Structure formats: C-alpha cells, structure tokens
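**Q** My questions all concern the structure below.
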Amino acid sequence: MTVILAAVLAGGIVAVGGGDKPRQAAPAPSSSPPSPSGSVFPDGPDATAAPGRTPGLVIVGVALSRNSTLNRLDRTANAGPWTVVVRRRDGSLGRNGAVVTFPVPAPGPGRAVRVGGVAGSVGEGAITWPAGGAYARIRGDLPERELIGIAAATVVVAGRPTVEPPPGFSVAATGTSRPRVLSEARYGSDAVKGAAALSNGLIYTGVARGGEFEDRLYAVKAQAAGSVHGNSAIVTSALGGNGLLAWEPAPGVVAYVGYSGGPLTDQATAALHRIAERTRLLGTEQWQATGPQTVYQVNDFG
C-alpha cells in the first residue's frame, strides 16, 4: 500500500492509497515547543545536509502556522531492510539507475534468469535472487542486462548489501531502505501564491533519506519533470496526495513538494515546479526551531 506522505491536519491520521482504510499514526509528545505562528523564512542558500541528518524544507516567504511542521520517526528503520542506490553516469533521482534492496520476501512466480551463479526471478518490474541466506531485489529503469550486471556485483556483508558497480556506474547512496525521519511542513494552498492549479487543498514539503523512496519511483514509473534548483526532478501521482514533485539536492537526500486537492495535470505540475523553486533547506537547528511535532510510525512507501 502507498502511504500518503502528508497527514490530514487534524488527529495525525495518515491516509492510505488504494482501497485500504486510513491508518491512525498516534502522535507522541515532542520535546520541541509548539511551532510559533507566523514563522516566515527569507530567501537564502540551502543548508548543508549533514551526513546522517535530515534537514527540513520550507517555502520561502510563506508563513508556517502553528503545529504545521512534523517529524515522522521510524524507530525500526535500522532493523532493515537496507539499500544501495546505483546510477549510470547520466543518472539522477529515479532515472537511469537502480536500487538494490536486502532482505526482501521470496519472489512469486516469474521468468527465470541467471544472476551470477544463482537462479533469479524476473517479475513485477524487478529481479529477485537468493543472497546472504535470504533474497535481494534490484529495481530500476535500466536494460535488463545492466540490472543483472549490478545484481551480480552485489554481495551481502553482515546483513547489508554492498555493490561493486560495473564500469560506467557508481554508488549514489547506501543506508536503510525506510527513512528513519521524514521532515514535513504543511501549508494551505490559499497561503501559497500561484497555487490555484492545485485546487485549494493541502500543500506539503518534505525531506527523506533511504533508498525505498527511489525504489518506489521506479516501481510506479514516475516521469521526468525538468529540474529544481538545477537538480533533475521527477513527478508522480502514486506516492502521496494527488501529486508529488521530487528532486535530490544532495546525494542520498530527497526533497519533495506535494499536494492534496485536484488531479495531477500539466498545470498542477507547473504549479509544483513554481513552488519547488521557492523552497530552501533548513539545517537541523533552524528546523527544530519551528517546533515540529513528532509522530512515531513506520515510514513505508511500499
């Protein structure tokens, strides 16, 4: 099931896509004070995304209302699975690359394929094969022979996948599959100038680490969508609300702007672009100063 990244404002409810019922994510008290009403951040450079830290993302010049920022904390993320993001030289977020995940469930029925010296299975847009006493999976938009080459170059060390990338490829990020923290800010579209194409619903910004986000971009066949702040962007209606535009401001760090309102149209995508170009990353101290609420949940995009 696909987790909607932006919660309904009241009650900390996380909406779930498809025919599933909404899931209650019980808020836990935060050590931070309530978010001050009227917080506005001026234009400026992005904060540096420090290793292992998840920055925040705000829309420049738009006031943050009280309790409009949120940290979604997954206390089980470090228990696995783990991912390696591999990109071709011309790759970017969700384009010309692949994500290796370990461990994953055993594959269902599929077409047989050889991965190195073992028998793998092709099915549901991915290749799964036995590794490290369990199963590993690779998903991407590369030709199958390139995916098999990356899979064959994967070994499991101490329960985590490692990849010696074939020539022409590099490892873009490694770490947990699920993000330990999702940092999100929520805005009413009436407060965001130029958001009329988003049907006057909820607009949210967020930042995440972890390979599962990119794995899902491949799974839902997200579309290339120009660039944001000079970084290649991708858009989809399958990962949250009605539409979501994502880009990678730093290796292994995914920023996104999404909305809940009307359908994802060309006009809505253009509006998301305009908003995304007005965003900036906040360092940990600035983000915590907004008083984000903390919600404990499983940050699962799958």
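**Q** Which members of the range 104-126 meet the condition of being in a loop (DSSP other than H, G, I, E, B) and open to solvent by less than 60 Å² (accessible area, probe 1.4 Å)?
**A** Within the range 104-126, 104, 107, 108, 110, 116, 125 meet the criteria.
**Q** If you take the residues of the range 181-201 that are closer than 13 Å to residue 272 by Cβ and among the hydrophobic types (A, V, I, L, M, F, W, C), which of them is most open to solvent (accessible area, probe 1.4 Å)?
**A** Among those that are closer than 13 Å to residue 272 by Cβ and among the hydrophobic types (A, V, I, L, M, F, W, C), it is 196.
**Q** Here is a further query. For the range 159-211, list the strands (runs of 3 or more DSSP E) that sit wholly inside it and hold at least 2 residues that are touching a residue at least 40 places away in the same chain (Cβ under 8 Å) and within 19 Å of residue 262 (Cβ to Cβ); which are they?
**A** Ranges flagged: 181-188, 202-209.
**Q** Then there's this: Going residue by residue through the range 247-269, is there one that turns out to be within 16 Å of the chain's Cα centre (by Cα), among the hydrophobic types (A, V, I, L, M, F, W, C) and open to solvent by 20 Å² or more (accessible area, probe 1.4 Å)?
**A** Taking every residue of the range 247-269 in turn, at least one turns out to be within 16 Å of the chain's Cα centre (by Cα), among the hydrophobic types (A, V, I, L, M, F, W, C) and open to solvent by 20 Å² or more (accessible area, probe 1.4 Å).
**Q** Can you give me the number of residues within the range 67-84 that are open to solvent by 10 Å² or more (accessible area, probe 1.4 Å) and part of a strand (DSSP E or B)?
**A** Here the count works out to 3.
**Q** Further, regarding this structure: Does the range 226-243 hold any residues that are open to solvent by 10 Å² or more (accessible area, probe 1.4 Å), assigned to a strand (DSSP E or B) and of a type in the set (Gly, Ala, Ser), and which are they?
**A** Once the filter is applied, which keeps residues that are open to solvent by 10 Å² or more (accessible area, probe 1.4 Å), assigned to a strand (DSSP E or B) and of a type in the set (Gly, Ala, Ser), the range 226-243 yields 226, 227, 232.
**Q** Let me ask something else about it. Of all residues being in contact with a strand residue (DSSP E or B) (Cβ under 6 Å, 6 or more places away or on another chain) and not in a strand (DSSP E or B) in the range 278-299, which is most open to solvent (accessible area, probe 1.4 Å)? Just the residue, please.
**A** 278
**Q** Can you tell which of 54, 2 is among the β-branched types (Val, Ile, Thr), more than 16 Å from residue 202 (Cα to Cα) and modelled with pLDDT under 80?
**A** From the options 54, 2, the qualifying one is 2.
The values are calculated or read from the model by the stated rules, or taken from the named source; none is laboratory data. The structure displayed is predicted, hence computed values, not measured ones. Neighbour counts run over all protein chains shown; Cβ positions are idealised from the backbone, glycine included. When the accessible area is computed, the model is the full protein with side chains, heavy atoms only, and any ligands, DNA or RNA have been set aside. Shrake-Rupley method; radii C 1.70, N 1.55, O 1.52, S 1.80 Å.
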